[in-house]
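Worksheet: one structure, shown below.
The values are calculated or read from the model by the stated rules, or taken from the named source; none is laboratory data. In this text, all values refer to a predicted model and were calculated from it rather than measured experimentally. Cβ coordinates were reconstructed from backbone atoms using ideal geometry, including for glycine residues, and neighbour counts include every protein chain displayed. The protein model used for the area step is the full one, side chains on, heavy atoms only, and it has no ligands, DNA or RNA in it. Shrake-Rupley method; radii C 1.70, N 1.55, O 1.52, S 1.80 Å.
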Amino acid sequence: MSEYQYYEFVAIDRPLTDDERAEVHSISPDARVTSTTFADDDTSGEFGGDPALMMERYYDAHVYVADWGAAQVMLRIPGKLLGIDAVEPYLLDERVEAWVAGEHLILDFRSEDEDADPIEAPDRLLPAMAGLRAELASGDLRPLYLAWLAAIGAWERDEDAFDEEMEDEQEPPVPPGMASLTPAQRALADFLRLDADLLATAATASPEPPSGRDDPLTAWLEGLPEQDKNALLLRAVRGDADRVRMEVLHRFREGTPLRADAQQDVPRRTVAQLLDASAARRSG
């Protein structure tokens, strides 16, 4: 009986050239390839590509699903918007990885559960996963914490997932807003099979970001020099709106106390404390 694997990639910052399209099409002749997308329903095991290499060279987001319970999302982000130092606290074994490739940072989130229900409609997943890229590039680190949390949650399903020493490891900084996730972040939590009780437990240590009149973003934007505002607006009108949004929010969050590393003075829980508290919540 053949095994099913689904591979999908998207180029966001720039389309592939004709030569690049030919290169990626040679990886899998049956794949559906355009200047910005690559999709392959592989039932024969003939996919000959290296997803990590394809991300380094061509694409900005990738989703992989296999019928034995494997799930993976990869994101490529400009290094000047998100550096390796910011993501290192959230890395965990082979489940949450990151590396630098040229001018980009590559993120790799994975989950595997042979007993899980099959992931439905994998061809509809990538738009939400690609949305995470803009959030991370703008300084929102909630997707990283979600990936770390899902990774430690796998321990409840598989006692061999980590060594016992992992129990005493502290959680990374908890970003604000974990109780009010964006649609893309909710999709990531579902994709990585993050237990709802574990998420709710973790969110109790996450402050809500200010909103409305208390939102410091409004005052920060009003304080930008007029020349900067005009230049940003011109770029947005000329079709670079997504990149402008990422850059503006990145600049804002670089100097705001809403950054996750501003939570360094908040007592952090151990892995054991998080898992025990979520188990108690689940049974209570």
Can you give the relative contact order of segment 88-206 as a percent, counting alpha carbon pairs under 8 Å and 6+ residues apart? 30
First measure r as the distance between the Cβ atoms of SER26 and ALA121, then evaluate 1/(1 + (r/R0)^6) with R0 = 22 Å and state the FRET efficiency to the nearest 0.05. 0.20
Please identify every one of the GluC sites (Glu not before Pro) in segment 1-92 that sits in a loop by DSSP and has no more than 14 other beta carbons within 10 Å of its own beta carbon. GLU3, GLU46
Charge dipole of the chain about the Cα centre (unit charges at C-beta), most positive-ward option of VAL10, GLY48, LEU81: LEU81
Given springs between every Cα pair under 10 Å in a Gaussian network model of the chain, which of SER44, SER28, SER180 has the largest fluctuation? SER44
Measuring with a 1.4 Å probe in the full set of protein chains, what accessible area per residue, in whole Å², belongs to segment 68-111? 40
Extension gain from ASP276 to GLN170, taking 0.36 nm per residue of separation minus the Cα-Cα distance: 36.8 nm
Calculated FRET efficiency for the pair TRP99/ALA200, C-beta based, R₀ 30 Å, to 0.05: 0.40
Taking the chain and counting helices only, DSSP H stretches of n ≥ 4 at -39,500 (n - 2.57) each over all residues, the nearest-500 ellipticity at 222 nm comes to -11500 deg cm²/dmol
Within the chain, what whole-number % of the accessible surface is contributed by carbon and sulfur, with the 1.4 Å probe and all protein chains included in the calculation? 47
Output needed: percent of Cα pairs per 10 Å distance bin for the chain, bins running from 0 to the one holding the longest distance. 6, 26, 33, 23, 10, 2, 0
Which GluC sites (Glu not before Pro) in segment 83-145 sit in a loop by DSSP (not H, G, I, E or B) and have at most 16 other Cβ atoms within 10 Å of their own Cβ? GLU94, GLU103, GLU114, GLU120
Compute the length gained on full extension between GLU88 and GLU3: take 0.36 nm times their separation in residues and subtract their Cα-Cα distance, giving the result in nm to one decimal. 27.2 nm
Counting alpha carbon pairs within less than 8 Å and at least 6 residues apart, what relative contact order, in whole percent, applies to the chain? 17
Can you find, among GLY131, ILE152, LEU275, the residue farthest towards the positive end of the dipole of the chain? Put +1 on the C-beta of Lys and Arg, -1 on that of Asp and Glu. GLY131
Under a 5 Å amide H to amide H cut-off, with H placed in plane at 1.01 Å, what residues pair with HIS104 once short-range neighbours are removed? GLY79
Vicinal HN-Hα couplings computed from phi for segment 200-206 (Karplus, 6.51 cos²θ - 1.76 cosθ + 1.60; Hz; Gly/Pro x): 5, 5, 5, 5, 5, 9, 10
